[in-house]
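Notes follow once the structure below has been shown.
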Amino acid sequence: MKKLILMRPTAEYAEQIMECKREYLAANSSMDGCGPMRRTDDAMEYIEKCALEENPETCPATLVPATQFMLVRKEDNKVLGFLQVRHCFNEYLSKFGGHIGYSVRPSERRRGYAKEMLRMALPFCREIGLDKVLITCIDGNIASEKTVLANGGVYECTVHEPNENKDMKRFWITLQ
């Protein structure tokens, strides 16, 4: 795999962040793991919201503290995808969302980037005090399921998420 880095969003990547958003929207993609991307129309606002949501003191009361990452391929400095680590749960996350959400931009899918991005994020999860992480995916999302399983995920159960009317598979990864 080419040299990849997992990093927090920065102004250097502002144009690419918005390109990714347009690509997700054009593909009707869910933007899992993209944090506040869906609710912002400006890259600098997105970067600012990501920083605010990471800090427990500035995180909006309706959310939980979370760290936002993007995966960048060093060879061409291209943003390939996004991953969010939620530091704790609210009721919804404990049932349906989990600790980690991720997605690869549509034009870069099926190349192993999600698997690598998740692998790279697990040490950070240990650093913030998690000893295991919950990851969920829509039942039938074989690519996401394979990504979780390749990183040591163990299937727990499938639950029905009533708001979206979707069945969600729950997996746990124990951190070493």
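Counting pairs of alpha carbon atoms under 8 Å apart in space and at least six apart in sequence, what relative contact order in percent does the chain give?
Numbers: 308 pairs, mean separation 32.6, N = 176.
Relative CO of the chain lands at 19 percent.
Quote to one decimal, in nm, the extra length available between A27 and V154 on full extension: 0.36 nm per residue of separation minus the C-alpha distance between them. Could you put the intermediate results ahead of the total?
Details: separation 127, 0.36 × 127 = 45.72 nm, distance 2.98 nm.
Result for the pair: 42.7 nm of gain on full extension.
For region 1-51, what does the accessible surface come to per residue with a 1.4 Å probe? Please give it in Å².
56
So which trypsin sites (Lys or Arg not before Pro) in region 53-122 are both in a DSSP loop and have at most 15 other Cβ atoms within 10 Å of their Cβ?
Listed in order of number, the matching sites are K74, R110, R111.
What percent of all Cα-Cα pairs in region 107-176 falls in each 10 Å bin, counting up from 0?
Per 10 Å bin, starting at 0, the Cα pair percentages come out as 20, 47, 30, 3.
Using only Cα positions of the chain, each an equal point scatterer, no hydration layer, compute I(q)/I(0) via Debye at q = 0.09, 0.11 Å⁻¹ and quote the log10 values to two decimals.
For the chain at q = 0.09, 0.11 Å⁻¹, log10 I(q)/I(0) is -0.28, -0.43.
So how long is each side of region 19-113 along the principal axes, counting just the alpha-carbon atoms, biggest first, in Å?
36, 29, 25
Which FRET efficiency value, to the nearest 0.05, do you get for D42 and I5 by plugging their Cβ-Cβ distance into 1/(1 + (r/R0)^6) with R0 = 25 Å?
0.55
Structure shown: which of K49/K146; K115/K166; K3/K95 lie over 28 Å apart, alpha-carbon to alpha-carbon?
Working: K49/K146 31 Å; K115/K166 23 Å; K3/K95 35 Å.
Distance filter (> 28 Å) returns K49/K146; K3/K95.
As a test of understanding, state the convex hull volume per residue of region 71-153 from its alpha carbons, in Å³.
Considering the Cα atoms of region 71-153, their hull volume per residue is 100 Å³.
The values are calculated or read from the model by the stated rules, or taken from the named source; none is laboratory data. Keep in mind that what you see is a predicted model, and the values were worked out from it rather than measured. Counting neighbours? That spans all protein chains shown, and the Cβs are built from the backbone with ideal geometry, glycine included. Calculation scope for accessible area: heavy atoms of the full protein, side chains included, ligands and nucleic acids excluded. Shrake-Rupley method; radii C 1.70, N 1.55, O 1.52, S 1.80 Å.
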